[in-house]
Amino acid sequence: MAKDPVRVLVTGAAGQIGYALVPMIARGVMLGTDQPVILHMLDIPPAAEALNGVKMELVDAAFPLLKGVVATTDAVEACTGVNVAVMVGGFPRKEGMERKDVMSKNVSIYKSQASALEKHAAPNCKVLVVANPANTNALILKEFAPSIPEKNITCLTRLDHNRALGQISERLSVQVSDVKNVIIWGNHSSSQYPDVNHATVTTPAGDKPVRELVADDAWLNSEFISTVQQRGAAIIKARKLSSALSAASSACDHIRDWVLGTPEGTFVSMGVYSDGSYNVPAGLIYSFPVTCKNGEWSIVQGLPIDEFSRKKLDLTAEELSEEKALAYSCLT
């Protein structure tokens, strides 16, 4: 039996990440190669012509799974009936702008998109926020879409998670697919904590701890962490543009694992609404290790947290609490 198409919204669809993301969705990378999709693409009026060009290219690519395309600058039309929403559109920080300026622009964007999603999306729509500040944008969206279950609103830290996997793979000269269970804790910012204390590498002799194989705590506790934290800036320096294909690919990984489930014994990082696990303040969107099954994520519980890690978890939580306060001050 052919499956019914899933409607997937991408906001900011004419931008760099959107341009990398929509063909991946249309090819089945996000939801599986047997799942037809209808793409809903939203962008701002100045990008309408470029957005139409993306729609033309989607037609030209003749994707067998793509059953329809909605390309619009109207949020209501874009959000109507969507099952998955990937929120890539946001206001980027420009030179000379204060954090509060960026925050107030994004607060107003996410406030209006929250109400369009709440009124018009399909029930049980899964939301992934990619645009920065991703954790706090997701929190604002949650606040202004109270009827969307809080467990359905997440933000992207899978890019950081995949960056951490990549660094370990390069360091050990192993396949990245053999590395698992790194964790990104906290904010999708340079305060995040990439943690390898629970990570393993599959070897011919079974799974071995990353720490044991790397055998260099000084590197793991400093350079490794800062490389992952600063990787976005390094890409901008090299490309003169921000990460796009890696962000798009990670967004597909995030949704795919959420919808289709994580492999047995593997956890991934997702920015989710904190319930107080690991003594992280409740009411923040914070990146945790999670497993997914039957379309639901669960925070992995009971992992031992050493003193070094505890400080890092608390530091990134403090930054998120400050961002939350700043965002709320923009609302008043």
In terms of solvent-accessible area of protein heavy atoms at a 1.4 angstrom probe, what is the ranking of 309, 190, highest value first? 190, 309
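Assuming a ≥ b ≥ c are the square roots of the Cα gyration tensor eigenvalues, decide whether the stretch 205-254 counts as rounded (a/c under 1.5), prolate (otherwise, with a/b larger than b/c) or oblate. Don't skip to the answer; put the middle values down first.
On the way: a/c = 3.80, a/b = 1.58, b/c = 2.40.
Oblate.
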Quick check: the distance between the Cα centres of the stretch 66-120 and the stretch 205-239, to the nearest angstrom? 33
Compute the distance in nm between two label points, each set 7 Å from the Cα along the Cα-to-Cβ direction, one at residue 219 and one at residue 314. 3.0
What's the extension gain from residue 279 to residue 119 if we count 0.36 nm per residue and subtract their Cα-Cα distance? 54.2 nm
Relative to the compact-globule estimate 2.2 N^0.38 Å (N residues), the Cα gyration radius of the stretch 20-74 stands at a ratio of 1.11
Hey, what did the stretch 18-141 get for relative contact order, percent, Cα under 8 Å, at least 6 apart? 25
Identify which of 22, 272, 201 has the largest mean-square fluctuation in a Gaussian network model of the chain, with springs joining Cα atoms closer than 10 Å. 201
Fluctuation leader among 175, 16, 35 - the chain, Gaussian network, Cα springs under 10 angstrom: 175
How many percent of DSSP beta bridges within the chain run antiparallel, rounded to 5? 50
Taking a probe of 1.4 angstrom, what is the accessible area of residue 57 in Å², to the nearest 10? 100
Would you pull out the residues with amide H under 5 Å of residue 6's amide H, same chain only if 5 or more places away, H placed 1.01 Å from N? 37, 38
Averaging 1/r across every pair of distinct alpha carbons in the stretch 259-320 and inverting yields a Kirkwood hydrodynamic radius, in angstrom, of 12.4
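Probe of 1.4 angstrom, ligands and nucleic acids ignored: what's the accessible area per residue over the stretch 276-332, in square angstrom?
Spelled out: the 1.4 Å probe surface of the stretch 276-332, per residue, equals 50 Å².
Kindly report the accessible area of the stretch 110-261 per residue (heavy atoms of protein chains, probe 1.4 Å, no ligands, DNA or RNA), in Å².
Normalised by residue count, the accessible surface of the stretch 110-261 is 40 Å².
Pairs of Cα atoms under 8 Å, at least six residues apart: use those to get the relative contact order of the chain, whole percent.
Dividing the mean separation by the residue count of the chain yields 17 percent.
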Mind checking which of 234, 134, 106 is farthest towards the positive end of the chain's charge dipole, using Cβ charges of +1 (Lys, Arg) and -1 (Asp, Glu) about the Cα centre? 106
In whole Å, what are the extents of the stretch 175-227 along the principal axes defined by its C-alpha atoms, from largest to smallest? 36, 21, 17
Using a 1.4 angstrom probe, figure out how much accessible area the stretch 1-76 has per residue, in square angstrom, rounded to the nearest whole. 49
Tell me the Kirkwood hydrodynamic radius of the stretch 95-153 in angstroms, computed as one over the mean inverse distance between distinct C-alpha pairs. 11.8
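R0 = 51 Å: FRET efficiency of residue 52 with residue 172, Cβ-based, nearest 0.05?
0.65
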Using a 1.4 Å probe over the heavy atoms of the protein chains, calculate the carbon and sulfur portion of the accessible area of the chain as a whole percent. 54
Hey, which lysines would be in cross-link range of residue 100, C-alpha to C-alpha under 19 Å, not counting anything within fewer than 8 residues on its own chain? 111, 324
Can you spot the aspartates and glutamates whose alpha carbon is less than 13 Å from residue 55's alpha carbon? Ignore those fewer than 8 places along the same chain. 43
Hey, which aspartates and glutamates would be in cross-link range of residue 3, C-alpha to C-alpha under 20 Å, not counting anything within fewer than 8 residues on its own chain? 34, 257
For the chain, size of Cβ-based charge dipole, Lys and Arg +1, Asp and Glu -1, in debye: 460
By the Cα gyration tensor axes a ≥ b ≥ c (a/c under 1.5 gives rounded; else a/b larger than b/c gives prolate, otherwise oblate), the shape of the chain is prolate
If a/c stays under 1.5 just call it rounded; otherwise compare a/b with b/c (prolate if a/b is bigger, oblate if not). Do that for the stretch 131-203, with a ≥ b ≥ c from the square roots of the Cα gyration tensor eigenvalues. prolate
So for the stretch 149-273, averaging the separation of alpha carbon pairs under 8 Å that are six or more residues apart and normalising by length, what relative contact order in percent results? 35
For residue 4 and residue 298, what is the calculated FRET efficiency with R₀ set at 25 Å and r taken between the beta-carbons, to the nearest 0.05? 0.40
Global size of the stretch 164-256 as Cα Rg and Dmax, reported in angstrom: 13.8, 43
How big is the equivalent ellipsoid of the stretch 12-169 along its three axes, where each semi-axis is √(5λ) from the Cα gyration tensor, reported in whole Å from largest to smallest? 24, 19, 18
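The values are calculated or read from the model by the stated rules, or taken from the named source; none is laboratory data. A quick note: this is a predicted structure, and the numbers were derived from the prediction, not measured. In this analysis, Cβ positions are derived from the backbone assuming ideal geometry, glycine residues included, and neighbour counts consider all displayed protein chains. Surface accessibility is based on the protein's heavy atoms, side chains included, excluding ligands, DNA and RNA. Shrake-Rupley method; radii C 1.70, N 1.55, O 1.52, S 1.80 Å.
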